[in-house]
1. Restricting attention to the range 79-102, report how many residues are open to solvent by 90 Å² or more (accessible area, probe 1.4 Å), part of a strand (DSSP E or B) and under 20 Å from Phe62 (Cα atoms).
2. Of the numbered conditions (1) within 20 Å of Leu158 (Cα to Cα); (2) of a type in the set (Lys, Arg); (3) in contact with an Asp or Glu (Cβ under 8 Å, 6 or more places away or on another chain), Lys55 satisfies every one except a single condition; which is it?
3. Under the condition of being charged (D, E, K, R) and free of Cβ contacts under 8 Å to residues at least 24 places away in the same chain, which residue from the range 116-136 is most open to solvent (accessible area, probe 1.4 Å)?
4. Can you work out which of the residues in the range 27-54 that are touching a strand residue (DSSP E or B) at 6+ places or on another chain (Cβ under 9 Å) and of a type in the set (D, E, K, R) is nearest to Lys71 (Cα to Cα)?
5. Whether any residue in the range 48-61 is without any contact (Cβ under 8 Å) to a residue 40 or more places away in the chain, out of contact with any Cys (no Cβ under 6 Å at 6 or more places or on another chain) and among the polar types (S, T, N, Q) is what I want to check.
6. Given the options Leu112, Leu76, Leu143, name the one that is in a helix (DSSP H, G or I) and either open to solvent by less than 30 Å² (accessible area, probe 1.4 Å) or among the aliphatic types (A, V, I, L, M) (or both).
7. Looking at the range 25-66 only, could you name the residues that are of a type in the set (Lys, Arg) and part of a helix (DSSP H, G or I)?
Amino acid sequence: MIDITKAANIILYLIHKQTTALNDRKLELMLFFMEYNHLQFCGKKIVNEEFIKTKREPKALFLNEIFELIKAEEILEEDDERVFFIQEIMDFVDIDIVEKDGFKELKFKKHLEEFEESLFTKDELYSMQKVVNLYKDTSSRSLANECFKLDIVREKSLDEIII
């Protein structure tokens with residue numbers, strides 16, 4: 001199961017590091033590289049998100065579902081576990097729904113909470129910093145293209161789990 005508190009703190013971290021054009025798509029791609037890097041060097045993931053291959057880029061299975069619900073402004077039943085996850089994210093960051101030509105994207109802004117470094121190991125922080133240093137100023141499109149340079153992505157079929 002995904003660690004939503006760590007995921008929310010990674011959003012805060014990316015905001016703190018002034019990641020350019022941070023929206024839901026770029027967040028998913030940055031998180032993919034963080035998870036991939038950490039898995040390669042430490043044998044485990046940071047937030048335990050799964051990513052599937054799509055035509056354009058890897059998609060975070062759980063976070064993408066949550067983000068799509070937020071964009072749709074769908075009202076969920078109180079006992080729906082996804083309500084907890086949405087609330088957990090929104091406890092850490094403000095989310096704006098921005099309408100573009102034919103689609104919506106989410107923009108993230110710092111809320112009251114500060115990035116909680118103590119949630120992460122030194123190795124996790126290193127993996128996060130490495131990805132931020134490489135890609136914080138990279139466009140979502142270029143990040144998506146970077147993903148397809150990885151054998152692990154190219155070798156998978158569409159809709160197959162990458163990591």
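1. 0
2. (3)
3. Here the answer is Lys122.
4. For the range 27-54, the residue satisfying everything is Glu28.
5. No, there is no match, as no residue in the range 48-61 is without any contact (Cβ under 8 Å) to a residue 40 or more places away in the chain, out of contact with any Cys (no Cβ under 6 Å at 6 or more places or on another chain) and among the polar types (S, T, N, Q).
6. Values: Leu112 fails: in a helix (DSSP H, G or I); Leu76 fails: in a helix (DSSP H, G or I).
None of the other options fit; the residue is Leu143.
7. Hits for the range 25-66 are Arg25, Lys26.
One line per residue, one yes/no per condition, for (1) at pLDDT below 90; (2) over 19 Å from Leu22 (Cβ atoms); (3) in contact with a Pro (Cβ under 7 Å, 6 or more places away or on another chain):
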{"position": "Glu78", "(1), (2), (3)": "yes, yes, no"}
{"position": "Glu81", "(1), (2), (3)": "yes, yes, no"}
{"position": "Asp91", "(1), (2), (3)": "yes, no, no"}
{"position": "Asp94", "(1), (2), (3)": "no, no, no"}
{"position": "Leu106", "(1), (2), (3)": "no, no, no"}
{"position": "Glu114", "(1), (2), (3)": "yes, no, no"}
{"position": "Ser127", "(1), (2), (3)": "no, no, no"}
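The values are calculated or read from the model by the stated rules, or taken from the named source; none is laboratory data. Just so we're clear, the structure is a prediction, and the values are computed from it rather than from any experiment. No Cβ is skipped: glycine too gets one built from the backbone with ideal geometry, and neighbour counts run over all protein chains shown. Side chains included, ligands, DNA and RNA excluded: accessible areas come from the protein's heavy atoms. Shrake-Rupley method; radii C 1.70, N 1.55, O 1.52, S 1.80 Å.
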